[in-house]
Amino acid sequence: MRLCDYQGCDKPGEYPAPKSPHSDDKWWFCVEHVSAYNRNWNFFTGMSKAEAEKRAADDFREAAGFQNSGIYGWGGPEDRDGVSDVERQAYAVLELEPGADEHAVRRQYRRLAKKYHPDTGDGAEGSEDAFHRLRAAYEILKLRLGAQA
Ligand SMILES: [Zn+2]
């Protein structure tokens, strides 16, 4: 019998959950843990919050072409508004003021995702890159706003 993949859980793992949006790899969870996982993409304990933040920041930097911008380490120092360099860039990608709330971030993400998405957008050159950048920025801000909740 397959057990729930959540660390320390010994219930049957009957519910598949994709490890990442574009992956065929799956975790198998019990009903309690699959619903927790679906509520929170980085719920799985195999990745600490610090690792999740670092991965999101790396992905965003790569997507946004910031490799040589001199922003190193997660987030960088926070300025007086409590917004780090990377978060500021992520807000800029979403065309929002730094510090905009979760509601604004979600609304803007949905609007821009539609504009850039390969299936629904206008297919303009570079829109695929823009979509990747947008997704990466959204991950950054979800982590930030999740941390405040
Ligand atoms: Zn479980």
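Quick notes
- Aspartates and glutamates with Cα under 14 Å of LYS11, excluding same-chain neighbours fewer than 8 positions away: GLU32
- Charge tally for ALA63 (other residues, Cβ to Cβ under 12 Å; Lys, Arg +1; Asp, Glu -1): -3.
- Nearby lysines by direct alpha-carbon distance to LYS19 (threshold 18 angstrom, same-chain neighbours under 8 apart not counted): LYS49, LYS54, LYS142
- Length released on extending from ASN38 to GLU95, taking residue separation times 0.36 nm less the Cα-Cα span: 17.8 nm
Laboratory data are not the source of any read-out in this text; all were calculated from the coordinates shown. What you are looking at is a predicted structure, and each value in this text was computed from that prediction instead of being measured. Positions of Cβ are generated from backbone atoms using ideal geometry, with glycine treated the same way; all protein chains shown enter the neighbour counts.
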